[in-house]
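For reference, the structure is listed below as structure tokens.
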Amino acid sequence: MRVGVFHFPTDYGIDPAELAAALEARNFASLFVCEHTHIPVSRRSPFPGGGPLPKRYAHTHDPFMALAFAAATTKRLRLGTGVCLVPQHDPIITAKTIASLDQLSGGRFEFGIGGGWNVEEMEQHGARYETRFKLMRERVLAMKALWTEEEASFEGEFVRIEPSWCYPKPVQRPHPPILLGGETDLTLKRVVGFCDGWLPRAGAGFDPAVARDRLRRMAEGVGRDPASLSITVFRAPPEAAALDRYRQAGIDQVLLEVPDLPRDEVLSLLDRLAPLTA
């Protein structure tokens with residue numbers, strides 16, 4: 001089981017390039033970064049975690065730029081979005097960005113995706129809350145076509161791409177792994193329908209063995225090989241005993257939280273977490 005981290009890369013926190021190098025030096029497997037393009041001041045959408053919206057949500061770097069700098073200072077570290085809000089991204093531009101990042105990093109990118117919760121944020125991108133998952137699916141399928149077809153095209157309700165050349169292609173074949181965040185049965189249907197892995201959050205009552213069994217049953221129900229679908233657990237508990245249970249349950253990867261703290265505090269935290277990678 002791989003042990004990585006997730007992090008909000010902010011304009012006031014540790015530099016993503018330095019964080020990545022520090023993670024690789026301490027044998028962590030991956031760095032996943034969160035994103036919000038912007039936060040509308042209206043704040044109509046309540047924060048899902050309750051209470052005021054944390055400062056980091058309005059101060060994130062662009063995830064692909066942050067990961068590009070992280071790639072430049074590392075050789076082995078996997079680089080992921082956790083998560084990219086696909087309904088807020090043009091699929092052609094995003095496909096090229098991801099393919100470029102995957103190629104220039106030597107095939108190290110993992111595409112964690114989600115539909116988003118901030119209604120006013122997505123509306124300013126022309127997306128609607130009620131149809132965001134349909135839009136997400138079409139954009140992902142369109143990106144798959146752009147990554148795998150020499151003359152790519154796509155025709156859907158929301159996305160239309162005439163036959164086009166789009167290069168570079170990703171190093172990873174057929175494309176970087178696509179991991180969908182969420183915990184519901186609808187999430188799992190989408191995972192087995194058009195993704196390569198599941199990215200659930202380790203909330204209260206999360207059982208890794210139950211999670212693995214849920215994904216297995218859902219995959220078998222549509223004729224997919226469960227072994228072809230990975231599970232990466234977001235915000236896993238930073239405790240050796242808990243991670244042993246995840247390992248025994250067949251979880252592929254866990255992401256520990258590295259908060260938006262100053263450089264020295266982050267490096268000290270990584271030193272404390274590093275024994276968990278063994």
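We did not get these values from a lab; they are worked out from the coordinates using the rules stated. All of these numbers come straight from a predicted model, not from anything done at the bench. Please note: Cβ atoms are built from the backbone with ideal geometry, for glycine as well, and neighbour counts cover all protein chains shown.
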Can you give the helix-only mean residue ellipticity at 222 nm for the chain, where every DSSP H stretch with n ≥ 4 adds -39500 (n - 2.57) and the sum goes over all residues, rounded to the nearest 500 deg cm²/dmol?
-11000 deg cm²/dmol
Pop the C-beta distance of D15 and A274 into the FRET formula with R0 = 30 Å and round what comes out to the nearest 0.05.
0.95
Residue by residue through segment 50-55, what is 3J(HN,Hα) from phi via Karplus (6.51 cos²θ - 1.76 cosθ + 1.60, θ = phi - 60°)? Round to whole Hz and write x for glycine and proline.
x, x, x, 5, x, 3
Amide H contacts under 5 Å for V233, restricted to residues at least 5 apart in sequence or on another chain and with H modeled in the peptide plane, are Q253, V254, L255
Going residue by residue through segment 142-152, the Karplus relation 6.51 cos²θ - 1.76 cosθ + 1.60 with θ = phi - 60° gives ³J(HN,Hα) values, rounded to whole Hz and with x marking Gly or Pro, of 5, 5, 4, 4, 5, 7, 10, 10, 5, 10, 8
Can you list residues from other chains, or at least 5 along the same chain, whose modelled amide H is less than 5 Å from the amide H of E110?
L79, G80, T81
Run the dipole for the chain about the Cα centre, Lys and Arg Cβ at +1, Asp and Glu Cβ at -1, nothing else charged, and hand back the magnitude in debye, nearest 20.
500
Short version: ³J(HN,Hα) in whole Hz for each residue of segment 173-182, in order, from phi by Karplus 6.51 cos²θ - 1.76 cosθ + 1.60 (θ = phi - 60°), x for Gly and Pro, what are they?
10, x, 5, x, x, 9, 10, 9, x, x
Would you mind computing the Rg to Rh ratio of segment 15-68 from its alpha-carbon coordinates, Kirkwood style for Rh?
1.08
I'd like to know which of C166, W147, A72 lies farthest towards the positive end of the charge dipole of segment 2-277, counting +1 on Cβ of Lys and Arg and -1 on Cβ of Asp and Glu.
W147
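Tell me which chymotrypsin sites (Phe, Trp or Tyr not before Pro) from segment 11-44 have a DSSP coil assignment and no more than 14 other beta carbons within 10 Å of their own.
Y12
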No solvent, one uniform scatterer per C-alpha: report log10 I(q)/I(0) for the chain via the Debye equation at q = 0.13 1/Å, two decimals.
-0.89
Here, E265 and W165, labelled 7 Å along Cα→Cβ, have an inter-label distance in nm of 5.1
Please give the contour-minus-distance gain from T131 to R76: 0.36 nm per residue of separation, less the Cα-Cα distance, rounded to one decimal in nm.
16.0 nm
Spelling it out for S30: with amide H atoms placed in the peptide plane at 1.01 Å from N, the residues 5 or more places away or on another chain with amide H under 5 Å from its amide H are G4, V5, R78
If one builds a Gaussian network model of the chain from Cα atoms under 10 Å apart, the most fluctuating residue listed among G115, G182, G156 is G156
